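Input: a single structure, listed below in structure tokens.
Since every read-out is calculated from the coordinates, none of them should be taken as a lab result. Every value quoted in this text rests on a predicted model; they were computed, and no experiment measured them. Cβ coordinates were reconstructed from backbone atoms using ideal geometry, including for glycine residues, and neighbour counts include every protein chain displayed.
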């Protein structure tokens, strides 16, 4: 009869042995705004194409998030020395920005 060696109890895993935890994703909020129909149609076509060609889980929201992220980076660099814009606590008002309509010329 053969004796089998008793297994040593495994020691608890050290933090270095554990897989790195993914940082939590920041919360998302719903944003609603109007865009030109052609832009939305082209974006939708791009998402459907990319889903078939390379990334089956690509979404319109992911495309919009990537585009906004790139544009914000550009705006920070161009207008604020690459720094984040200060938070004001103000909310954007809905509708057209003041002064966006052409003023009628008075005769």
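Some observations on this one:
- Once you divide the Cα radius of gyration of segment 21-107 by 2.2 N^0.38 Å, the number left is 1.51.
- For segment 37-76, the gyration tensor built on C-alpha atoms gives an oblate shape. Its axis ratio a/c (a ≥ b ≥ c) is at least 1.5, and a/b is not larger than b/c.
- Modelled spin labels at residue 76 and residue 45, positioned 7 Å past Cα toward Cβ, are 3.3 nm from each other.
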